[in-house]
Every structure is written in structure tokens, then in C-alpha cells.
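A short worksheet on the structure shown next.
The values are calculated or read from the model by the stated rules, or taken from the named source; none is laboratory data. Because the structure is a prediction, the values reported are computed rather than measured. All Cβ positions, glycine included, derive from the backbone under ideal geometry; neighbour counts span all protein chains shown. Keep in mind that these areas ignore ligands, DNA and RNA; they rest on the heavy atoms of the full protein, side chains included. Shrake-Rupley method; radii C 1.70, N 1.55, O 1.52, S 1.80 Å.
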Amino acid sequence: MGFELEDEQLQTTPRAAAGELRGKRVFALLMSGIVADLEGIDLVGMNADAVLVGGCDETLEPNQVFTYMNLARAFAEIQAGADFYCLHKNRWWQTARGPMLDSGAFVAALEFATGVEATVLGKPSPAYFGAALEALDAEPELTWMVGDDLDQDVGGAKVFGMRTVLVRTGKFRPEHLEHSEIVPDMVMSSIAQFPDWLEKEL
């Protein structure tokens, strides 16, 4: 996309998971594209220390992650004492096909079945935003979070006292903003407008 970044400049949920679960045996239900980011985690098929549920995959490959047998295995591992983690609890996500069911629905199903609440490692968990601020060596009140998800992005950032911009792209839905108690500091049509707007504000 034209941006040159070093790996350490990116704060991603798989890396947050890798930091939290390093050295543990983990039964993971997540898309194959993020497995490489789980460095230091021992991925296993049974007898796990922890269960990790991640995001859905838009490719809709035949070997789907969230099959009944995989969910039943996760249920059994949690019942046997494995800790329960998830990257997020998103209900749905925006794809080229339009809105699609996200892995939060499967997290909720496992929580209901096991009676165990999953620990969220990504947005909107305080640990995730705290790690990003620490990596930037930034003060929350001087830091802007720009995102398209009112609950996960804006809501999570506001817990830390960060300034927030909600963009009208991706997951944005006007009716959600209208009825939500979460109020961003600014709403913009696109992130492309943000630099010029911020320069004027400063």
C-alpha cells in the first residue's frame, strides 16, 4: 500500500497472543494466515494448556476452522481445565462479500457451553491498547485512534482517555452511531481527511 514499516512498528492481535501464551501448549481455532505470527506457542491438537479462538477467513476454504468437531474439541479442552482466550469478540466483519459472521459468535457459544468467560487479547481489551501506547511511548490524551468500529476501536480507546476518530468506511453504520452511548471525538468520511484536519487543529 506504499507504507514502509518495520515489523516491530505493528501491534497486532496475534502478536499480543504470542506474548501472552508463549511457552504454552495451545489448541487454536484461527485462520491459517496468522499462524506464522504465533511465534513461541506450541500448537497442539489435544491436552492443551489453553484454547485460543481467532478470526474468520474470507477465503471460505473447504477445511474450515469452525467445524463441529473442532468446536467440540475446544469445549473438551476447556472442560478439562485449559484457559480460554480469544483475539476478539466481534459479531461480524466487513468483507468483499459484505458483512459476514465473525468468530465472536463461536466464542459466545463456547462461553455458554463451558460457563467460562474468554480473556480477550485484542481490541477492546485494556492490555491491547496499553501495549500500543507503550510501544509508541505516547501519552493517551495526546494520541489519536482512528477506526471504523465504534465498539471495539472507539470504545476501547476511550477507556484509556485517547482521542478518537470514527471513519465512515468498513464497518461503519450510521444507525449504530445514532443509538450508541459511545461518542467519538470526530466522525470523518475517510482516514485520508485526518492529516489535513489534524494539522488545522494543531
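Below is a table of values for the structure above.
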{"read-out": "Rounded accessible area per residue of region 140-200, 1.4 Å, Å²", "value": "57 Å²"}
{"read-out": "Residue among 102, 149, 137 with the largest mean-square fluctuation in a Gaussian network model of the chain, springs linking Cα atoms under 10 Å", "value": "137"}
{"read-out": "Förster radius 25 Å - calculated FRET efficiency between residue 101 and residue 178 (Cβ-Cβ, nearest 0.05)", "value": "0.55"}
{"read-out": "Gaussian network model of the chain, Cα within-10 Å springs - most flexible of 84, 160, 27", "value": "160"}
{"read-out": "Probe 1.4 Å, accessible area per residue of region 60-135, Å²", "value": "55 Å²"}
{"read-out": "Shape parameters for the chain, alpha-carbon atoms, Rg then Dmax in Å", "value": "18.0, 57"}
{"read-out": "Label-to-label distance, nm, for residues given as residue 67 and residue 151 (7 Å Cα→Cβ offset)", "value": "3.0 nm"}
{"read-out": "Heavy-atom accessible surface of the chain: percent carbon and sulfur, 1.4 Å", "value": "54 percent"}
{"read-out": "Additional length obtainable on full extension of the chain from residue 168 to residue 137, 0.36 nm per residue less Cα span", "value": "8.3 nm"}
{"read-out": "Surface accessible to a 1.4 Å probe, per residue, for the residues of region 1-52, Å²", "value": "63 Å²"}
{"read-out": "Alpha carbon convex hull of region 122-177, projected area averaged over orientations, nm²", "value": "3.6 nm²"}
